[in-house]
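The values are calculated or read from the model by the stated rules, or taken from the named source; none is laboratory data. The structure presented is a predicted model; accordingly, all values stated were derived computationally and were not measured. Virtual Cβ from ideal backbone geometry, glycine too; neighbours counted across all protein chains shown.
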Amino acid sequence: MTFPLNAIVAQLPSLDLGRTSRCYQQLGFREVGVFAEFLILALSGHELHFWLTDDRNLCQNSSCYLRISGLHAFYAGAAGQPAAPARRPPGLLPGHDRVLPPRPGRQPAQARRTDH
C-alpha cells in the first residue's frame, strides 16, 4: 500500500522552551504553537517540535539533522553577514552544502556521504 507522505517531524527535548525558541528564531524559524510544555517552530513549511524536560542528559543526547541547500547563505543570513565563506567549514562535504556537527563531548565528526 502506498500513500503520500506529507512530513516527518522531529520531536526534541528542551530544558527551556523560551530559550530554544529564541535560538531557532535567529535562524529564521517562527513560533506556530506555544504551550506550557510544548513548542512548535516552523521554517519553509517544515516544523520542529520541542517538549519540556528537566533531564539535561536527554537534551545532550538528542539531535535532528537539517539538510539545507545554500548552507553558507543560510548561516550568513542568520548572522547578518555576507554569504561567501572565507574557507570551507570543518565537516563540510566537498560538493555539498551540509555540515556534520560535532556531538557534545566527542571529537568533530568526519565528513561522510549519507546518500543511499
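Assorted remarks:
- Looking across the stretch 21-32, the residues that are modelled with pLDDT under 95 and touching a Leu at 6+ places or on another chain (Cβ under 7 Å) come down to TYR24, GLY28, PHE29.
- Taking the criterion of being of a type in the set (Gly, Ala, Ser) and at pLDDT 95 or above, no residue of the stretch 43-73 qualifies.
- Note on the stretch 53-75: among residues that are among the hydroxyl-bearing types (Ser, Thr, Tyr) and either in contact with a Cys (Cβ under 9 Å, 6 or more places away or on another chain) or surrounded by 15 or more Cβ atoms within 10 Å (Cβ to Cβ) (or both), the one that is nearest to ASP16 (Cα to Cα) is THR53.
- Residues in the stretch 1-47 that are closer than 16 Å to LEU66 by Cβ, touching a helix residue (DSSP H, G or I) at 6+ places or on another chain (Cβ under 7 Å) and in contact (Cβ under 8 Å) with a residue 24 or more places away in the chain: GLN26, LEU27, GLY28.
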